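The values are calculated or read from the model by the stated rules, or taken from the named source; none is laboratory data. Every value quoted in this text rests on a predicted model; they were computed, and no experiment measured them. Counting neighbours? That spans all protein chains shown, and the Cβs are built from the backbone with ideal geometry, glycine included. Surface areas here come from the heavy atoms of the whole protein model, side chains and all, with no ligands, DNA or RNA. Shrake-Rupley method; radii C 1.70, N 1.55, O 1.52, S 1.80 Å.
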Amino acid sequence: MKISELLKTKEVTISCELFPPKKGSELKKAHELVHEMAKLGPAFISVTYGASGGISEHTVDMANEVQNVNGVPVLAHLTCASSGREKIHQVLGELKERKIENILALRGDIPEDLEFPLPNQYHHANELMEEIKAFGDFCIGGACYPEGHPEAESIEADIDNLKRKVEAGCEFLTTQMFFDNNILYNFLYRALKKNIEVPVIAGIMPVTNAKQIKRITSLSGSILPQRFRAIVERFAENPAALKQAGIAYATDQIIDLIANGVNHVHIYTMNKPDVAGAILKNLSEIC
Ligand code: FAD
């Protein structure tokens, strides 16, 4: 099912995320994880592609497992910072063969050891989106950044660039994580002012361990509100308490979003079906 169709519903949709294993020998375990996540009944499951701009050998396999084995709509991520057109065409061919029709098209982070862009390569996600559109009948999503992308000259320039993605055929957007919902509400207002009218899926990261926090601030530059910092400071040395508090914080954010009319939420579940399950249980009467 195309995610653009799924997002037309007035119902709340909650989706989850998995990342593929690095080694083929870990695929069996990863397939069990897909099954665990699928049992929770998410609207769709996304499967990331590589990390830090690298390529991924197992995203297509995992996406196949989600959709064609477990019967849950899938969103396969695809980045282009490390890939020329040939590699991209290869992956698109593999997705098409497996009837996987939803792609989150991303540039990816620029790998430090790479000359960027290589000749005959993509500079930005909008170019990848144009290529995907020309290749076949895919439903294309893209990333957006309520606090601005770290490389952007300004928040305004970032929104102008976002508009290019929509013009290139991007049918929905998933946000970078944010920990203060007002940041999202401001972003939605700015996007609408630029006539960006495609559905926006709010990305929520349940922070359940202290290691994650350092990574989040260094990678995404997200602002951490005082209420969030207090939780981390109080429970950093007590993993079980931090996990419980992180699940409660994410639940609280999602309830506020839904109450304010944001109907589509993506949980960055980071291969943790127990965390996804706990949040969904907290929302059982809400969606
Ligand atoms: P772009 O849209 O190309 O934007 C990158 C920068 O360039 C921005 O500053 C933007 O303002 C600017 N820009 C965009 N278009 C133009 C243009 N035409 N001309 C000039 N400037 C422009 N990374 C992975 O490696 N694997 C994943 O699976 C993955 N999944 C993600 C999912 C989500 C929901 C999000 C939010 C991020 C994800 N990332 C992933 C990280 C992402 O790859 C990085 O944030 C990357 O730095 C930017 O990718 P992008 O597609 O947003 O790039």
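Check every one of the helices (runs of 4 or more DSSP H) wholly within region 128-221 and list those with 1 or more residues that are more than 14 Å from the ligand (Cβ to nearest atom) and open to solvent by 20 Å² or more (accessible area, probe 1.4 Å).
181-193, 210-220
Being modelled with pLDDT under 95, surrounded by fewer than 23 Cβ atoms within 10 Å (Cβ to Cβ) and within 15 Å of the ligand (Cβ to nearest atom) is the filter here, so list the residues in region 22-60 that pass it.
Listed by number, the residues that qualify are 22, 51, 52, 53, 54, 55, 57.
Being in contact (Cβ under 8 Å) with a residue 40 or more places away in the chain and over 13 Å from residue 55 (Cα atoms) narrows it down to one residue among 132, 103, 88, 110; which is it?
None of the others qualify; the one that does is 132.
Could you identify the single residue in 101, 94, 115 that is farther than 30 Å from residue 38 by Cβ and among the charged types (D, E, K, R)?
Working: 101 fails: farther than 30 Å from residue 38 by Cβ; 94 fails: farther than 30 Å from residue 38 by Cβ.
Of 101, 94, 115, the one residue that is farther than 30 Å from residue 38 by Cβ and among the charged types (D, E, K, R) is 115.
Table: residues versus (1) assigned to a helix (DSSP H, G or I); (2) exposed (fewer than 15 other Cβ atoms within 10 Å of the Cβ); (3) not charged (D, E, K, R).
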residue	(1), (2), (3)
223	no, yes, yes
229	yes, yes, no
233	yes, yes, no
237	no, yes, no
241	yes, yes, yes
245	yes, no, yes
254	yes, no, yes
258	yes, no, yes
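Residues being assigned to a loop (DSSP other than H, G, I, E, B) and within 13 Å of the ligand (Cβ to nearest atom): count how many of those fall in region 71-100. Please lay out each step first, then the result.
Filtering region 71-100 for residues assigned to a loop (DSSP other than H, G, I, E, B) gives 71-73, 80-83, 98-100.
Still in the running and within 13 Å of the ligand (Cβ to nearest atom): 80-83.
Number satisfying all stated conditions: 4.
Given the residues 231, 216, which is the only one that is out of contact with any helix residue (DSSP H, G or I) (no Cβ under 8 Å at 6 or more places or on another chain) and more than 28 Å from residue 134 (Cβ to Cβ)?
Details: 231 fails: out of contact with any helix residue (DSSP H, G or I) (no Cβ under 8 Å at 6 or more places or on another chain).
From the options 231, 216, the qualifying one is 216.
Answer with yes or no whether residue 151 is charged (D, E, K, R) and touching a Ser or Thr at 6+ places or on another chain (Cβ under 7 Å).
Answer is no for this residue.
Filter region 79-125 down to the residues that are polar (S, T, N, Q), open to solvent by 30 Å² or more (accessible area, probe 1.4 Å) and at pLDDT 85 or above and list them by number.
Start the filter on region 79-125 by keeping residues that are polar (S, T, N, Q), which leaves 79, 82-83, 90, 102, 120-121.
This time we only want the ones that are open to solvent by 30 Å² or more (accessible area, probe 1.4 Å), so: 82, 90, 120.
Those that are polar (S, T, N, Q), open to solvent by 30 Å² or more (accessible area, probe 1.4 Å) and at pLDDT 85 or above: 82, 90.
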